[in-house]
Amino acid sequence: MSKHLNFLRASVIAFCGALPAVAQETPSLDTVVASVNGEVITLGEMISVRAGLPEQYQSIPSDVLFGSILDQLVQQTALAQSLGEAIPQRVEIALNNERRTLLAAEALEAFVLQNELSDDALRAAYDDKYQGFVGEDEYNASHILVATEEEANAIRKDLTGGADFAETAMAKSTGPSGASGGSLGWFGTGQMVKPFEESVMGLAVGEISQPVQTQFGWHLILLNDARKSLAPSFEDARSEIENDAQRRAVEAFIATTATAADIDRTGADAIDPGVLGQIQLLSPNAAQDQ
């Protein structure tokens, strides 16, 4: 929208006095709410304006918005009429583009509604995607964090001599997990600092690492368990599966529709693509500047 007409959008909020509406038993989109020099404004046009308001205005009650929206449409109609037949070419171009965009979106929406995937189709797509799924490596580990390598070695000697890892962690670990026996729960690759992760990956289940240094201090790590991550359940993956299938269907529909159309692009062959940046051609005074 031109910056010179921005005040019209703002007027929806600026005018708060609602005009009385003509009472009708069964108003429809075609119901005439006003006319300007014989040009009618319909209830459908008002509803469309209301639906297109920015999100922060959507919560304003309709009885407050009614008069403001009607004022906006009346003013816009009067201003549009003041141009007479002298509609600038740039405006006609913008209207054509907007119409094309709206109709294309309507065609895609109709296609999606007519081609909704059944549960069986979604489950088949899920099975196809996750058949033979091999997950990422995941580890369950506990650790004891201390300040020096000497302290870590002394604690490791106690652990290999039979001391309980969790009890030792609660008593001696300086890390926040010490209170829970050093447990870190399950984690995947990339979630821990590199020296810690590399040590974990080299352990067998039940094995305690040699002291490992990171920027946090010295760690003793116990690998409690290891596994491959599981495929998501159908319900968890449903939205992703549906979106992927819908996207592929829409892309195929667009390609098929365009292929079936009689398209001639020869007019573009002789045009320097650089002309696309000549925005000044849309200026009201562009013709005079040439």
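Here is a check on your reading of the model: is GLY206 exposed (fewer than 12 other Cβ atoms within 10 Å of the Cβ) and outside the structural domain of ASN153 (by TED's automatic domain parsing)? Judged against the criteria, GLY206 is not a match.
Surrounded by fewer than 15 Cβ atoms within 10 Å (Cβ to Cβ), out of contact with any Asp or Glu (no Cβ under 6 Å at 6 or more places or on another chain) and within 30 Å of GLU151 (Cβ to Cβ) - does that describe any residue in region 223-234? Yes, because at least one residue in region 223-234 is surrounded by fewer than 15 Cβ atoms within 10 Å (Cβ to Cβ), out of contact with any Asp or Glu (no Cβ under 6 Å at 6 or more places or on another chain) and within 30 Å of GLU151 (Cβ to Cβ). Every condition in (1) of a type in the set (S, T, N, Q); (2) modelled with pLDDT of 95 or more; (3) more than 21 Å from ALA78 (Cβ to Cβ) is met by SER62 except one, and the failing one is (2). Every test in (1) exposed (fewer than 13 other Cβ atoms within 10 Å of the Cβ); (2) assigned to a loop (DSSP other than H, G, I, E, B) is passed by ALA163 save one, and that test is (1). The conditions of being of a type in the set (Lys, Arg) and either in contact with a helix residue (DSSP H, G or I) (Cβ under 7 Å, 6 or more places away or on another chain) or over 20 Å from GLN131 (Cβ atoms) (or both) are met by LYS194.
Restricted to region 58-67, and to residues that are touching a Leu at 6+ places or on another chain (Cβ under 9 Å) and part of a helix (DSSP H, G or I), which residue is farthest from THR42 (Cα to Cα)?
The residue in question is LEU65.
Of all residue pairs spaced 6 or more apart or on separate chains, those with beta-carbon atoms under 8 Å, a first member in region 259-282 that is on the phi < 0 side of the Ramachandran plot and a second member that is surrounded by 10 or more Cβ atoms within 10 Å (Cβ to Cβ) are GLN280/ALA286; LEU282/ARG90; LEU282/ILE93. Mind listing whichever residues of region 47-71 are of a type in the set (Ser, Thr, Tyr) and either surrounded by 10 or more Cβ atoms within 10 Å (Cβ to Cβ) or in contact (Cβ under 8 Å) with a residue 40 or more places away in the chain (or both)? Hits for region 47-71 are SER48, TYR57, SER62, SER68. Only one entry of ILE87, ILE41 meets the criterion of being free of Cβ contacts under 8 Å to residues at least 60 places away in the same chain and in contact with a Ser or Thr (Cβ under 8 Å, 6 or more places away or on another chain), and that entry is ILE41. Being at pLDDT 90 or above, among the aliphatic types (A, V, I, L, M) and over 30 Å from GLN131 (Cα atoms) holds for only one residue in ALA286, ALA255, ALA261, and it is ALA261.
Of all the listed residues (GLU138, GLU109), the sole one being of a type in the set (Asp, Glu) and part of a helix (DSSP H, G or I) is GLU109.
For every residue, the table says whether it meets (1) touching a strand residue (DSSP E or B) at 6+ places or on another chain (Cβ under 7 Å); (2) over 30 Å from ALA80 (Cα atoms).
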{"position": "GLU98", "(1), (2)": "no, no"}
{"position": "GLY135", "(1), (2)": "yes, yes"}
{"position": "GLU149", "(1), (2)": "yes, yes"}
{"position": "ALA152", "(1), (2)": "yes, yes"}
{"position": "PHE165", "(1), (2)": "yes, yes"}
{"position": "MET170", "(1), (2)": "no, yes"}
{"position": "SER173", "(1), (2)": "yes, yes"}
{"position": "SER180", "(1), (2)": "no, yes"}
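The values are calculated or read from the model by the stated rules, or taken from the named source; none is laboratory data. Small disclaimer: the values here were computed from a predicted structure and weren't measured. Don't worry about glycine lacking a Cβ; one is built from the backbone with ideal geometry, like all the others, and counts go over all protein chains shown.
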